[in-house]
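Values in this text are rule-based calculations from the coordinates and carry no lab data. Worth saying up front: this structure is predicted, and the values here are computed from it rather than measured. All Cβ positions, glycine included, derive from the backbone under ideal geometry; neighbour counts span all protein chains shown.
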Amino acid sequence: MTDFSDAFAAAIDLVATWDDDLAEIIGLSLRVSLTAVFAATLIGLPVGAAVALFRFPGRSVLAVLLNAMMGLPPVVVGLIVYLLLSRAGPFGVFGLLFTPTAMIIAQTLLITPIVAALTRQAVSDLWAEYEEQLRSFGAGPAAALPTLLWDGRFNLITAILAGFGRASAEVGAVMIVGGNIDHVTRVMTTSIALEVSKGDLALALGLGIVLITIALVINAGVFWIGRVAEESA
Amino acid sequence: MRAAGDTILPLALQDVWYNVDGVNLLKAINLAFTAGVRTAVIGPNGAGKSLLMRIMHGLIKPSQGTVEWQGQAADGRHKSLAARQAMVFQRPVMLRRSVAANIEYALKLIGVASAERRERTEEILDKTGLRRLASSPARVLSGGEQQRLALARVWARNPEVLFLDEPTANLDPAATHRVEEIVSAIHAGGTRLIMTTHDLGQARRMADDVIFMHRGRVFEHRDTEAFFAGPENDLAQAFVRGELLWWRKGEGTGGRRQPRHEKYRS
């Protein structure tokens with residue numbers, strides 16, 4: 001138990017003193033995860049909405065697939081991206097393996113299904129309410145898509161947040177494709193794993209505290225913005 | 001307002017049936033609607049009034065029979081048809097944006113350019129008394145205000161035919177009065193009105209002719225005055241007297257199948 005309280009005290013101290021290495025790790029984590037969330041949103045929102053609105057062969061299979069892929073194991077995604085980006089792989093020529101770009105690609109693949117599946121559900125519920133009215137106005141699915149994304153904006157923020165939560169918390173994918181290289185691809189989750197295996201619990205715990213705090217701040221901020229916006233819409 | 005001949009009317013329904021899982025919800029409907037007048041469709045719950053409106057509006061295809069717009073402007077150009085006739089639902093969906101943006105949205109969908117959209121929106125805001133609510137979120141409006149906005153959205157499009165499904169259900173007399181004023185103003189602008197109502201007083205006030213429906217059939221279609229003076233159909237007589245209508249064996253004027261059950265279903 002003393003180990004734990006010592007480590008905790010050291011962790012607080014570490015966060016309070018704030019050195020450059022810590023800032024670098026946190027900065028890279030945010031850069032990788034936020035970029036992945038941005039890309040996943042760009043792909044996931046229209047794809048999810050399209051699956052909800054358009055009727056085409058294989059639509060329900062795709063819906064089930066999207067839901068199933070919400071639970072993709074990060075290490076498997078990491079492995080697939082590793083194989084694709086490795087020297088012998090189809091995209092080996094770009095030399096992306098063990099770079100932050102590879103980590104962004106892996107996280108984007110990991111969370112796009114989450115954003116798309118949650119978007120599909122939200123848009124599908126909204127379409128049930130809006131369909132008759134919009135069709136009466138003369139809007140088919142194609143015209144309804146941007147309307148529903150806009151009118152469903154408060155639910156879609158939750159979908160995007162779920163994606164961010166998954167990206168910032170996972171360790172398997174970034175570990176495999178990034179390699180946890182100091183000053184290059186070391187992010188919060190991979191360094192926590194490393195420091196724990198080295199026995200440096202203070203640093204691991206400090207990073208853990210920062211990680212949780214970031215998640216809390218982002219969620220609280222979005223919740224607050226969402227509530228203010230919802231009251232005026 | 002519109003050039004002579006530039007019309008989608010008359011609307012003709014020929015032998016229209018609609019069934020779901022073998023249950024006939026509309027039976028052998030034959031109706032014709034010409035320009036100018038206002039029609040009220042009345043009858044008890046489950047008569048098929050709302051369904052008939054949706055079929056005429058084009059949201060639902062009949063299982064059998066035809067719904068045809070026969071005017072010169074209706075020659076198979078579906079896009080123009082959709083823009084020329086509109087419907088206000090019993091529970092209109094308010095888009096999650098401002099009152100003015102709701103009106104502009106309805107205009108955008110029929111391809112009105114943005115400068116004209118703003119102009120028409122301003123005009124309609126004044127005509128419907130929604131000016132002071134222009135930037136309020138549509139979802140926080142009261143029931144009466146929402147119904148006015150629903151009318152504003154379709155009025156801005158200046159439709160040739162307007163379907164109204166229970167436009168004043170659940171509204172108090174003051175709100176009902178304002179809605180009826182707007183509906184009358186829309187009619188005065190040359191729009192053909194077809195509305196359903198539970199309110200017989202509203203049918204008297206707002207309609208030139210009345211269609212009485214019960215259990216998926218049209219039993220009577222006459223001038224409002226003549227209808228209320230003395231309906232020919234015995235079910236319509238009972239309905240006008242304010243009696244509760246449900247099936248009893250042997251009731252109604254001939255030519256109908258006997259009901260399969262006598263139980264009252266609300």
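With point charges of +1 on the Cβ of Lys and Arg and -1 on the Cβ of Asp and Glu, referenced to the Cα centre of the protein assembly as shown, which listed residue (B:G71, B:V88, B:I194) lies farthest in the positive direction of the dipole?
Final value for the positive-end residue is B:G71.
Just for the Cα atoms in chain A, what are the lengths along the principal axes, largest first, rounded to whole Å?
67, 50, 28
Dipole size in debye (nearest 20) for the range A:1-118 around its Cα centre, Lys and Arg Cβ +1, Asp and Glu Cβ -1?
Magnitude of the dipole: close to 1080 debye.
Given only helices, namely DSSP H runs of n ≥ 4 each adding -39500 (n - 2.57), what is the per-residue ellipticity at 222 nm of chain B, to the nearest 500 deg cm²/dmol?
Value at 222 nm, helices only: -10000 deg cm²/dmol.
Can you give the mean number of other chain Cβ atoms that lie within 10 Å of the Cβ atoms in peptide A:147-157?
Average neighbour count from other chains, rounded to a whole number: 2.
Note down the magnitude of the dipole of the protein assembly as shown about its Cα centre, charges +1 on Lys and Arg C-beta and -1 on Asp and Glu C-beta and zero elsewhere, to the nearest 20 debye.
It comes to approximately 1820 debye.
How far is it, in nm, from the label point at B:H177 to the one at B:S63 when both lie 7 Å from their Cα along the line to the Cβ?
Once both label points are built, they end up 4.5 nm from each other.
Quick one: how many lysine pairs does chain B have with C-alpha atoms less than 20 Å apart and a gap of 8 or more or different chains? Give me the count, please.
Lysine pairs satisfying the spacing and distance rule in chain B number 8.
Want the number for A:I212 to A:E129: 0.36 nm per residue separation, take away the alpha-carbon distance, what's left?
Separation in residues times 0.36 nm, less the Cα-Cα distance, equals 26.2 nm.
Would you please state the base-10 log of I(q)/I(0) at q = 0.28 1/Å for the range A:80-137, with intensities from the Debye formula using one equal scatterer on every alpha carbon?
-1.01
Indicate the gyration tensor shape class of the range B:74-172 (rounded, prolate or oblate), computed on the Cα atoms with a ≥ b ≥ c the square roots of the eigenvalues: a/c under 1.5 is rounded; otherwise a/b larger than b/c is prolate and the rest oblate.
Judged from the Cα gyration tensor, the range B:74-172 comes out oblate (a/c at least 1.5, b/c at or above a/b).
Please report, to one decimal in angstroms, the Kirkwood hydrodynamic radius of the protein assembly as shown built from all distinct Cα-Cα pairs.
Taking the inverse mean of 1/r over all distinct Cα pairs, the protein assembly as shown comes out at 27.2 Å.
Which of A:A229, A:I214, A:I181 sits closest to the plus end of the dipole of the range A:166-229, meaning its Cα is farthest towards the positive end, when Lys and Arg get +1 and Asp and Glu get -1 on the C-beta?
My answer, from the dipole projection, is A:A229.
Under Stokes-Einstein, with the Kirkwood radius over Cα pairs standing in for Rh, what whole-number D in µm²/s applies to chain B at 20 °C and 1.002 mPa s?
For the chosen part, D equals 110 µm²/s.
Can you give the helix-only mean residue ellipticity at 222 nm for chain A, where every DSSP H stretch with n ≥ 4 adds -39500 (n - 2.57) and the sum goes over all residues, rounded to the nearest 500 deg cm²/dmol?
-27500 deg cm²/dmol
Rank B:L107, A:A202, B:A238 by how far each Cα sits towards the positive end of the charge dipole of the protein assembly as shown (+1 on Lys, Arg Cβ; -1 on Asp, Glu Cβ) and give me just the farthest.
Final value for the positive-end residue is B:A238.
Kirkwood hydrodynamic radius, computed over distinct alpha-carbon pairs, for the range B:96-234: how many Å, to one decimal?
16.3
When Cβ neighbours within 10 Å are restricted to other protein chains, what is their mean count per residue of peptide B:107-119?
Across B:107-119, the average partner-chain Cβ count within 10 Å equals 1.
List A:T213, A:T158 from most exposed to least, where exposure is judged by having the fewest other Cβ atoms within 10 Å.
Result, fewest neighbours first: A:T213, A:T158.
What percent antiparallel are the DSSP beta bridges of the protein assembly as shown, to the nearest 5?
55
Can you give the net charge of the other residues whose Cβ lies under 13 Å from the Cβ of A:S33, counting K and R as +1 and D and E as -1?
The answer is +1.
Translational D (Stokes-Einstein, µm²/s) of the range B:86-132 at 10 °C and 1.306 mPa s when Rh comes from the Kirkwood sum over C-alpha pairs?
Stokes-Einstein gives a translational diffusion coefficient of 140 µm²/s.
Just the Cα atoms of the range A:165-233: what Rg and Dmax do they give in Å?
Rg and Dmax of the range A:165-233, Cα atoms, are 15.8, 52 Å.
Report, in degrees rounded to the nearest 10, the 0 to 90 angle that the Cα long axis of helix A:201-231 makes with the longest principal axis of chain A.
30
Roughly how many debye, to the nearest 20, is the charge dipole of chain B about its Cα centre, given +1 on each Lys and Arg Cβ, -1 on each Asp and Glu Cβ, and no other charges?
The calculation lands at about 880 debye.
Could you tally the net charge around A:G152, taking each other residue with its Cβ under 14 Å from the Cβ of A:G152, Lys/Arg +1 and Asp/Glu -1?
Around A:G152, the surrounding residues sum to 0.
In degrees from 0 to 90, rounded to the nearest 10, what is the angle of the helix A:153-169 Cα long axis to the longest principal axis of chain A?
30
Taking the Cα centre of each part, how many Å lie between the range B:17-57 and the range B:101-179?
Between the Cα centre of the range B:17-57 and that of the range B:101-179, the gap is 25 Å.
Can you give me the distance in nm between label points at B:D15 and B:D208, each placed 7 Å from the Cα along the Cα-to-Cβ direction?
About 3.0 nm separates the two model spin labels.
Please list, ordered by chain and number, the residues whose modelled amide H lies under 5 Å from the amide H of B:L25; skip anything fewer than 5 residues away on the same chain.
Those lying under 5 Å, H to H, from B:L25 are B:Y18, B:N19, B:V20.
Once R0 is set to 25 Å, what does the formula 1/(1 + (r/R0)^6) return for the Cβ-Cβ distance between A:F94 and A:A68, expressed as a FRET efficiency to the nearest 0.05?
Efficiency at R0 = 25 Å is approximately 0.25.
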